[in-house]
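Here the structure is laid out as structure tokens; the discussion comes afterwards.
Where a number appears in this text, it was derived from the coordinates with a stated rule and is not lab data. Here the structure is a predicted model, which is why all the values come from computation and not from measurement. Note: ideal-geometry Cβ built from the backbone for every residue, glycine included; neighbour counts use all protein chains shown.
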Amino acid sequence: MRFAYRVWIGSSVGGFSLAEIARHGEELREAPDSADALSALFEGKIQVIDARMAELAALRADLETRVGTGCPLRAAAQAG
């Protein structure tokens, strides 16, 4: 358990904020099975990342329709 906790805390690549680490750190230390607890935490983070990626894809698509319109409030279809 200690090893898994240190790996998770030491990994800034994981995309966890300091607040998330503080919030989940004690849960992980007290978890009966740290591997399962980490897996569940990572699965939750993946869902958050996937949702954010979908939001960004929608934003990108919307911005693409506005390129060349001369007005950021007018979509390309209205640009005539």
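Quick rundown of the values:
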| quantity | calculated |
| --- | --- |
| Cβ-Cβ FRET estimate between Ala35 and Ala61, R0 fixed at 30 Å, reported to 0.05 | 0.20 |
| Approximate spin-label separation Ile21-Ile46, in nm, with each point projected 7 Å along Cα-to-Cβ | 2.3 |
| Other-chain or far-sequence residues with amide H under 5 Å of Thr69's (modelled H) | none |
| Spin-label model distance (nm) - Thr69 vs Met53, 7 Å beyond Cα toward Cβ | 2.7 |
| Relative packing of peptides 44-55, 20-31 - highest average C-beta neighbours within 10 Å first | 20-31, 44-55 |
